[in-house]
Amino acid sequence: MPEQHLIRNWCVVAHIDHGKSTLADRILEITHAVSQREMREQYLDRMDIERERGITIKAAAVTLQYPAKDGKTYTFNLIDTPGHVDFTYEVSRALLACEGAVLVVDASQGIEAQTLANLHLALEADLEIIPVVNKIDLPAAQPEKVAEEIQQVLGSKPEEIFFVSGKTGEGVEELLDAVVRRVPPPSGDPAAPTRALIFDSTYDAYRGVISYVRVVDGSMSKRSSIRMMATKAEHSVEEIGVMAPDQKPMDELGAGEVGYLISGIKALREAQVGDTVTDAKRPAKEALPGYREPKPMVFAGLYPMQGDDYPALRDALDKLRLNDAALIYEPETSKALGFGFRLGFLGLLHMEITRERLEREFNLELVATAPTVGYRVQLTNGSEIIVSNPSDMPDPHLVERIAEPSVSALILSPKEYIGTLMELCMARRGVLDGMHYLSADRVELRYRLPLSEIIFDFFDQLKARTRGYASLDYEPIGYQPADLVRLDLLINAEPVDAFSAIVHREKASVYGRNLAEKLRELIPRQMFDVPIQAAIGSKIVARETVKAKRKDVLAKCYGGDITRKRKLLEKQKEGKRRMKQIGSVEVPQEAFIAALRVGSEEK
Amino acid sequence: MSTVAERAQHAASLAPAFGVYVHVPFCPSKCPYCDFNTYVGLEPLAPAYLHALVCEAEMWKSRHELAEAGSYFIGGGTPTMLDEHLVASTLKDLVSIFGAAEDCEVTVEANPETCDASRLAFLREAGVNRLSIGGQSFSNNVLQLLGRRHSAEATRRAVREARAAGFDNVSLDLIFGMPGETDAEWNRSLIEAVALEPDHISCYALTIESGTAFGADVAAGRMPSPDDDVQAVRYETALDVLSAAGYRHYEISNWGLPSRHNLIYWTQGSYAGLGAGAHSHVDGVRSWNRKNPRAYAESPTAMREGEERLDDRERAVEWLQLRLRLVDGIDLNEASKRMGRDLRPAAEALGGIVSIDGDLMTLTRRGLLIENEVAIRLTA
């Protein structure tokens, strides 16, 4: 067991695409943790989706041996944190497992919103920050300019900033020496009752739950009995060890150490991120601070394209939940879409990933309804309900008031785009909370925004309006009352619950018009006129008509090629089968998807 | 008053027991909308190709019990661009193989610019008794848009020449709905067509097929797609003008004295298709040849590319899909029997699109325009 003063627990935090994973690859090489033969890009990103999207979803820890210039060999526990706003809580837990953070900034991009957000989290966790300008090998690199931004934000001295290239390896060794010098060793009490923080858990089909832990006080050993302080679950340690970078079993993990823990837990719910592991026989009095239940922010209905896939979807969700503790779901029925589930997600990315995994890993074809947030609805009878499905919103006369979740958003952008960004935020009902210059030409904007206004296309809009230069991060800040109404969509005079939405009263008409217009474009012409109406209560705010189909094929069927005609008809029949039948109207899959992209802005 | 079954059989009963389709894959130029199996500049192959047709005919005759041919249809392509002597001698050979019923219909397709008097007279003399002229439009503007090389005047002349050559069964093909064509131009085309008093008129909606010049133009945004609503209006104009002129509407796209050969197709009848890419339906098997004319000329009896034998259910579905095109209508009893279920509820759900009179179901004016939809709904 390494002595505490020779341990350094640290992490790398960065904005997406600032080269964190590549830098981690170089560190693995320099410390010979991975042989040349085993090396592959983004070594620590284990899921396919992580590699494809270039983002880290799950935290990972790796234990490295680093022979420093002072002649001693240090044990590095390098913790890779998730890199997306949906996983802010997970990031904050991972940071708590560290004493220091390497803050990576791209030499050509400069400080971005996530850099700042992560920095704030790291400062809250009281970490020693080592600022690093990365990608200095790029032709467009402006390391001095970026260093100035860092000084401005962090108050660092110029000599405290490191310049590296994760690609070429330049400057990486110097950085590691700085980690030894500047990151303090852990200071837990080895004699106190055991307390270990779970900063991530994954599910393995063969071994059950694998938790990544930081032992804060005391120690944990093989076969000891442990207790999860939040969930109260008790288990016996089956295996304990470090990631080097693959699992290496050990007999014991002492105070200050980071490693993995396998204890026969079968579901991630029982080993929640943020929970404290203690010794069941000699339990700690108090858990480590800051645990909270995963809280879904965004909700959507997921329905199988083919009704008979419902059991398959249920099984897939049950399996997925084993390795995604944040995923919650319950059965739901839609008049339009049949049997499905309402799912709660940490955010939009979490939703996309979940859907992608369901389709890819379980081979399901799904229809998703528009994502929505959870509204707190105060009823006239005094009770309060949470509405996460627009069609569950009670009639207006039963509603006293509605509050919606809001977020504090941090936007960083070159100053020339401030005008357009303010317009965007205003259109999304944002309230400016503050603005200051990071450097002469880069500005930090803080806005309070309703979460519902940013879950659709806010990020895309932000990028489009700033030619990709602006960056965004946000955190939930509770509920705000708002004047909201339920907008219903009627196809052929029948309300279609899957298209209902909760929108701000002032924007409801425009939203309704945009949605009706979009659906008019997407619903193929039927044998009769199909009216499409948007309504608030009984008031129709928009009306479009899909005109009846006048003609199909009047072409020549030449030279007796009957086979071709029959195949064409078969194909058309198949196309019909792939549509959802709503009343007597056939609605294609794309209509549901496109409805997700309908905004509430005037065109 | 005829019975329902008789009325439903009216046009269908004119279909011969067996017919022969001959594909001539040569054209003087490729029209930008055409996706038929035709080639420009391949005419030197013609003698060998025509000889190969006869070989294939002999193969059919030797392998199958075939009724005496009640129709021949020499299509393409532009059969009239070939030496008429060659065409006539090929026809003679085919008749010696398949025979010819007493009232046998022998059609040759012709482009107006190839209809000179002596050629037509020769063909008529050789036994051709029906000429199908691809006039397409009587607006020179539309003809140009369609990439046709002839003028409206050439079509008028061709019909006159055909009459002079002794053809008492002349058909005229028209295409409607070309982007750029106006309602007035289409109206005039119909009126001029009627004024020529052909015995038969076909009207087809321009359809953009992939793999054609128009297909590429539409895909690249150089040309708009034909407008469904415009084409619907044009079709209704055709219904009005042609019925007012006394042409009997017997098939969705066809008016006048029925083409007995084409009736074979709509009644699931038997036909041998000779030539590159030709389709056949003999002894319940649909088969088709590979498309390459050179390969065909070399080995006409080894050209089969594919075939299919439909099961009873598929056959019933196909029967219904085809028979719906015949304007006389469908006997619901017979259709239900073939489909193995009562079609009446499905038909009754199509109010305004089909009309039901006792057991006879016919497409309404609206229904004619969406026959595919009706076919899908009745056979789903």
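The values are calculated or read from the model by the stated rules, or taken from the named source; none is laboratory data. None of these values were measured; they are calculated from a predicted model. A quick note on method: Cβ atoms are made from the backbone with ideal geometry, for glycine too, and the neighbour counts reach across all protein chains shown.
For segment B:235-250, give me each residue that is surrounded by fewer than 23 Cβ atoms within 10 Å (Cβ to Cβ), aliphatic (A, V, I, L, M) and either touching a residue at least 60 places away in the same chain (Cβ under 8 Å) or within 11 Å of chain A (Cβ to nearest Cβ) (or both). Steps first, please.
In the first step, residues of segment B:235-250 are kept if they are surrounded by fewer than 23 Cβ atoms within 10 Å (Cβ to Cβ); the result is B:236-237, B:239-249.
This time we only want the ones that are aliphatic (A, V, I, L, M), so: B:239, B:241-242, B:244-245.
If the condition is that a residue be surrounded by fewer than 23 Cβ atoms within 10 Å (Cβ to Cβ), aliphatic (A, V, I, L, M) and either touching a residue at least 60 places away in the same chain (Cβ under 8 Å) or within 11 Å of chain A (Cβ to nearest Cβ) (or both), then B:Leu239 is the only one that fits.
Does segment B:126-146 include one or more residues that are out of contact with any strand residue (DSSP E or B) (no Cβ under 7 Å at 6 or more places or on another chain) and at positive phi?
From segment B:126-146, those out of contact with any strand residue (DSSP E or B) (no Cβ under 7 Å at 6 or more places or on another chain) are B:126, B:138-142, B:144-145; that's our starting set.
Applying the additional criterion that residues be at positive phi yields none.
No, segment B:126-146 contains no residue that is out of contact with any strand residue (DSSP E or B) (no Cβ under 7 Å at 6 or more places or on another chain) and at positive phi.
Is it the case, given these coordinates, that B:Glu161 is more than 29 Å from B:Asn37 (Cβ to Cβ) and either away from chain A (no Cβ under 14 Å) or in a helix (DSSP H, G or I) (or both)?
Details: more than 29 Å from B:Asn37 (Cβ to Cβ): no; either away from chain A (no Cβ under 14 Å) or in a helix (DSSP H, G or I) (or both): yes.
Spelling it out, it is not the case that B:Glu161 is more than 29 Å from B:Asn37 (Cβ to Cβ) and either away from chain A (no Cβ under 14 Å) or in a helix (DSSP H, G or I) (or both).
Hand me the list of helices (runs of 4 or more DSSP H) wholly inside segment B:264-358 holding 1 or more residues that are more than 19 Å from B:Ala375 (Cα to Cα) and modelled with pLDDT of 95 or more. Spell out how you get there, then give the answer.
Working: elements: B:293-298, B:312-323, B:332-339, B:344-348.
Fully inside segment B:264-358 and qualifying: B:293-298.
Give the residue, chosen from B:Ser270, B:Ser253, that is within 14 Å of chain A (Cβ to nearest Cβ) and touching a Cys at 6+ places or on another chain (Cβ under 8 Å). Outline the logic, then answer.
On the way: B:Ser270 fails: touching a Cys at 6+ places or on another chain (Cβ under 8 Å).
Residue meeting the stated conditions: B:Ser253.
From the list B:Thr182, B:Thr107, exactly one residue is among the hydroxyl-bearing types (Ser, Thr, Tyr), modelled with pLDDT of 95 or more and in contact with a Lys or Arg (Cβ under 6 Å, 6 or more places away or on another chain). Which is it?
On the way: B:Thr182 fails: in contact with a Lys or Arg (Cβ under 6 Å, 6 or more places away or on another chain).
Answer to the check: B:Thr107.
Can you tell me which residues in segment B:219-267 are among the charged types (D, E, K, R) and touching a strand residue (DSSP E or B) at 6+ places or on another chain (Cβ under 6 Å)?
The initial filter retains those residues of segment B:219-267 that are among the charged types (D, E, K, R), namely B:222, B:227-229, B:234, B:236, B:240, B:248, B:251, B:260.
If the condition is that a residue be among the charged types (D, E, K, R) and touching a strand residue (DSSP E or B) at 6+ places or on another chain (Cβ under 6 Å), then B:Arg234, B:Glu251, B:Arg260 are the ones that fit.
Out of A:Ala271, A:Ala284, A:Ala230, which single residue is surrounded by fewer than 20 Cβ atoms within 10 Å (Cβ to Cβ) and out of contact with any helix residue (DSSP H, G or I) (no Cβ under 6 Å at 6 or more places or on another chain)?
On the way: A:Ala271 fails: surrounded by fewer than 20 Cβ atoms within 10 Å (Cβ to Cβ); A:Ala284 fails: surrounded by fewer than 20 Cβ atoms within 10 Å (Cβ to Cβ).
Matching residue, one of A:Ala271, A:Ala284, A:Ala230: A:Ala230.
For segment A:295-346, enumerate the residues that are among the basic types (Lys, Arg) and in contact with a Gly (Cβ under 7 Å, 6 or more places away or on another chain). Walk me through how you get there before you give the answer.
Of the residues in segment A:295-346, the ones among the basic types (Lys, Arg) are A:295, A:314, A:319, A:321, A:335, A:342.
Within segment A:295-346, A:Arg342 is the sole residue that qualifies.
Step by step: first the residues of segment B:145-154, then only those that are in contact (Cβ under 8 Å) with a residue 12 or more places away in the chain and outside any loop (DSSP other than H, G, I, E, B), then the one that is nearest to B:Ala117 (Cα to Cα). Which residue is that?
Looking at residues that are in contact (Cβ under 8 Å) with a residue 12 or more places away in the chain and outside any loop (DSSP other than H, G, I, E, B), I get B:Ala154.
B:Ala346 is checked against (1) under 28 Å from A:Gln526 (Cβ atoms); (2) away from chain A (no Cβ under 14 Å) and fails just one. What number does that condition carry?
(2)
Does B:Leu363 satisfy the condition of being more than 9 Å from chain A (Cβ to nearest Cβ) and either of a type in the set (Ser, Thr, Tyr) or in contact with a Gly (Cβ under 8 Å, 6 or more places away or on another chain) (or both)?
Yes; evaluated as a whole, the condition is true for this residue.
In segment A:524-580, which residue that is modelled with pLDDT under 85 and in contact with a Phe, Trp or Tyr (Cβ under 8 Å, 6 or more places away or on another chain) is farthest from the other protein chains (Cβ to nearest Cβ)?
A:Lys580
Quick one: is B:Ile208 in a loop (DSSP other than H, G, I, E, B), within 13 Å of chain A (Cβ to nearest Cβ) and either surrounded by 21 or more Cβ atoms within 10 Å (Cβ to Cβ) or over 16 Å from the mean Cα position of the chain (by Cα) (or both)?
Details: in a loop (DSSP other than H, G, I, E, B): yes; within 13 Å of chain A (Cβ to nearest Cβ): yes; either surrounded by 21 or more Cβ atoms within 10 Å (Cβ to Cβ) or over 16 Å from the mean Cα position of the chain (by Cα) (or both): yes.
Yes.
Report yes if A:Ile262 is touching a Ser or Thr at 6+ places or on another chain (Cβ under 9 Å) and either surrounded by fewer than 20 Cβ atoms within 10 Å (Cβ to Cβ) or under 23 Å from A:Ala326 (Cβ atoms) (or both), otherwise no.
Working: touching a Ser or Thr at 6+ places or on another chain (Cβ under 9 Å): yes; either surrounded by fewer than 20 Cβ atoms within 10 Å (Cβ to Cβ) or under 23 Å from A:Ala326 (Cβ atoms) (or both): yes.
So A:Ile262 fits the description; yes.
Does at least one position in segment B:322-330 carry a residue that is under 21 Å from the mean Cα position of the chain (by Cα) and at the interface with chain A (Cβ under 9 Å from one of its Cβ atoms)?
Yes, segment B:322-330 has at least one match.
Of everything in segment A:154-177, what is in contact with an Asp or Glu (Cβ under 8 Å, 6 or more places away or on another chain) and within 14 Å of A:Gly100 (Cβ to Cβ)? Give them in sequence order.
Scanning segment A:154-177 gives a single hit, A:Phe162.
Look through B:Ala184, B:Ala205 and report the one residue that is in contact with a Phe, Trp or Tyr (Cβ under 9 Å, 6 or more places away or on another chain) and either in contact (Cβ under 8 Å) with a residue 60 or more places away in the chain or within 23 Å of B:Ser253 (Cβ to Cβ) (or both). Can you show your working first?
Working: B:Ala184 fails: in contact with a Phe, Trp or Tyr (Cβ under 9 Å, 6 or more places away or on another chain).
Answer to the check: B:Ala205.
Residues checked against (1) in contact (Cβ under 8 Å) with a residue 40 or more places away in the chain; (2) of a type in the set (Ser, Thr, Tyr); (3) more than 23 Å from B:His85 (Cα to Cα):
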position	(1), (2), (3)
B:Glu113	yes, no, no
B:Ala117	yes, no, no
B:Leu143	no, no, yes
B:Arg156	yes, no, yes
B:Asn169	yes, no, no
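Do you know which of the residues in segment A:89-134 that are surrounded by fewer than 21 Cβ atoms within 10 Å (Cβ to Cβ) and of a type in the set (Asp, Glu) is modelled with the lowest pLDDT?
A:Glu124
Mind checking which helices (runs of 4 or more DSSP H) fall wholly inside segment B:1-105 and carry at least 2 residues that are out of contact with any helix residue (DSSP H, G or I) (no Cβ under 7 Å at 6 or more places or on another chain), of a type in the set (A, V, I, L, M) and away from chain A (no Cβ under 14 Å)? Walk me through how you get there before you give the answer.
Details: elements: B:4-9, B:46-63, B:84-98.
In segment B:1-105, the matching helices (runs of 4 or more DSSP H) lie at B:4-9, B:84-98.
From A:Ala326, A:Ala370, which residue is closer than 29 Å to A:Ile477 by Cβ, in a loop (DSSP other than H, G, I, E, B) and under 15 Å from the mean Cα position of the chain (by Cα)?
Working: A:Ala370 fails: under 15 Å from the mean Cα position of the chain (by Cα).
None of the other options fit; the residue is A:Ala326.
For the structure I just gave you, tell me whether B:Arg260 is at the interface with another protein chain (Cβ under 10 Å from one of its Cβ atoms) and of a type in the set (D, E, K, R). Full working, then the answer.
Details: at the interface with another protein chain (Cβ under 10 Å from one of its Cβ atoms): no; of a type in the set (D, E, K, R): yes.
Spelling it out, it is not the case that B:Arg260 is at the interface with another protein chain (Cβ under 10 Å from one of its Cβ atoms) and of a type in the set (D, E, K, R).
Looking at segment A:397-497, what strands (runs of 3 or more DSSP E) fall wholly within it and have at least 3 residues that are buried (at least 20 other Cβ atoms within 10 Å of the Cβ)? Let's see the steps before the verdict.
Details: elements: A:399-414, A:431-439, A:442-450, A:471-481, A:484-491.
The strands (runs of 3 or more DSSP E) meeting that bar are A:399-414, A:442-450, A:471-481, A:484-491.
Would you confirm whether or not segment A:252-274 contains a residue that is assigned to a loop (DSSP other than H, G, I, E, B), under 30 Å from A:Asp25 (Cβ atoms) and β-branched (Val, Ile, Thr)?
There is at least one residue in segment A:252-274 that is assigned to a loop (DSSP other than H, G, I, E, B), under 30 Å from A:Asp25 (Cβ atoms) and β-branched (Val, Ile, Thr).
From B:Arg338, B:Arg323, B:Arg344, which residue is out of contact with any His (no Cβ under 7 Å at 6 or more places or on another chain), basic (Lys, Arg) and in contact (Cβ under 8 Å) with a residue 60 or more places away in the chain?
Numbers: B:Arg338 fails: in contact (Cβ under 8 Å) with a residue 60 or more places away in the chain; B:Arg344 fails: in contact (Cβ under 8 Å) with a residue 60 or more places away in the chain.
Being out of contact with any His (no Cβ under 7 Å at 6 or more places or on another chain), basic (Lys, Arg) and in contact (Cβ under 8 Å) with a residue 60 or more places away in the chain holds for just one of B:Arg338, B:Arg323, B:Arg344, which is B:Arg323.
Which of the following residues is more than 14 Å from chain A (Cβ to nearest Cβ) and within 19 Å of B:Ile74 (Cβ to Cβ): B:Pro293, B:Pro224?
Values: B:Pro224 fails: within 19 Å of B:Ile74 (Cβ to Cβ).
After ruling out the rest, the residue left standing is B:Pro293.
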